[in-house]
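Quick notes on the structure that follows.
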Amino acid sequence: MSGLIDFINRNFIEGIISDTSYNHFDMITYVIILFLGVYAILKLLNKLSIKIDEEFVVATIPYVFMGSVFRVIEDANLLKPPVKYFFITPLIYFVVFAICFGILLLTRYLEKLKKISNYISAYATSGVVLSLAGIAIIVYYNPSNWNFDILVYSLVPAIILTEIVKKVSPAIGMTYLRSRMYSFAVFSFALDSLTTYIGVDLMGYTNKHPFSSFLTSFFGTGAVLVPLSLILVLIIILLLEKDSREEQDKGEKYMLALTLIVLGFSMGARNLLAMVFGV
């Protein structure tokens, strides 16, 4: 029993407390928890008769960004133990879900009471407001060392790559890549890989993810992550579309697409904000 406790402390608890790099054990565990959580949420939303479609996915994106903002607040040491532990992976996912799901239920309830006309719009707007509030906290407590050039170096190439993919999508038989949902998924992975390259290769940041760290070390540069991440996201989207043609219930496709955005955009936005605000 003591050996098991030591294993858990060494591979899971210490990583949260010290906010160190991930290892293979906690990384795989967190991915499993994420996908189990996705299917549990899918079942819950279906039971509550909440429609899961592209509009829902797009409306949830502000909460993904909100999670990245919260993470940077923790990175900036603006929180103290034990509160700060709730803003480190994996606990931050539960915090963001609680906020996201609570607001979703509240706005839906307000729509039923005729207090608001569209709960999805109110849900999305709330996420934007919370994200801006988080950025305001970072700006207030971290008023120096800003580097807005990073916005140009990161966002412009990510947008250009996304537009190129959308442009060539008919030629490769993937016209659906032009949808808002899939376009943002492509943008998310491009942003994540570009900010990782800039942060690790050019600004001395540490990559906490073991697989991308291995690729960066093996090829000698994080630039290799950009084409590899784009290939990966395109393959996953292709598989999602292929599977969805055989299923009547499209909710699973949209939830998995949202998961794809969470994995790419949460890390890319965190990298971007950390570099911009010098955290």
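Nothing in this text is a laboratory measurement; each read-out follows from the coordinates by a stated rule. These numbers were taken from a predicted model, which means no experiment stands behind them. So basically every Cβ, Gly included, is an ideal-geometry build from the backbone, and we count neighbours across all protein chains shown.
Taking 10 °C and 1.306 mPa s as conditions, region 158-246 diffuses translationally at an estimated 115 µm²/s according to Stokes-Einstein applied to its Kirkwood radius (Cα pairs).
In terms of overall dimensions, region 18-151 has a Cα radius of gyration and Dmax of 16.9, 49 angstrom.
Could you give the distance between the Cα centres of region 96-171 and region 186-218, to the whole Å? Centre-to-centre (Cα) distance: 22 Å. Its DSSP H runs of at least 4 residues, each contributing -39,500 (n - 2.57), put the calculated 222 nm mean residue ellipticity of the chain at -24000 deg cm²/dmol, to the nearest 500.
So which helices of the chain fit the span-like rule, where a helix is a whole DSSP H run, its Cα atoms reach 18 Å or more along the axis, and its mean Kyte-Doolittle is at least 1.6?
Numbers: long enough: 24-47 (35 Å, 1.38); 54-75 (32 Å, 0.85); 91-112 (32 Å, 1.73); 119-141 (33 Å, 1.58); 149-168 (29 Å, 1.44); 180-197 (25 Å, 0.63); 225-244 (28 Å, 2.14); 251-276 (36 Å, 1.16).
Helix filter hits for the chain: 91-112, 225-244.
Residue 193: net charge of surrounding residues, Cβ under 14 Å, Lys/Arg +1, Asp/Glu -1, itself excluded? Mind showing how you got there, number by number?
On the way: positive: 270; negative: 192, 201.
Net local charge, residue 193 excluded: -1.
Evaluate the relative contact order of region 2-276 (contact order divided by residue number), counting alpha-carbon pairs under 8 angstrom at least 6 apart; express in whole percent. Present the calculation step by step, with values, prior to reporting the outcome.
Details: 268 pairs, mean separation 75.2, N = 275.
This gives 27 percent for region 2-276.
Under a Cβ-Cβ cut-off of 14 Å, what is the net charge of the residues other than residue 217 that fall near it, where Lys and Arg count +1 and Asp and Glu count -1? Walk me through the intermediate numbers first.
On the way: positive: 208; negative: 201.
My count for the surroundings of residue 217 gives 0.
Binning the alpha carbon pair distances of region 2-276 at 5 angstrom intervals from zero yields the distribution 1, 5, 11, 15, 18, 17, 15, 10, 5, 2, 1, 0, expressed in whole percent. Measuring against 31 Å, Cα to Cα, the residue pairs 112/253; 112/166; 112/167; 80/115 contain 112/166; 112/167; 80/115 as the ones spanning a longer distance.
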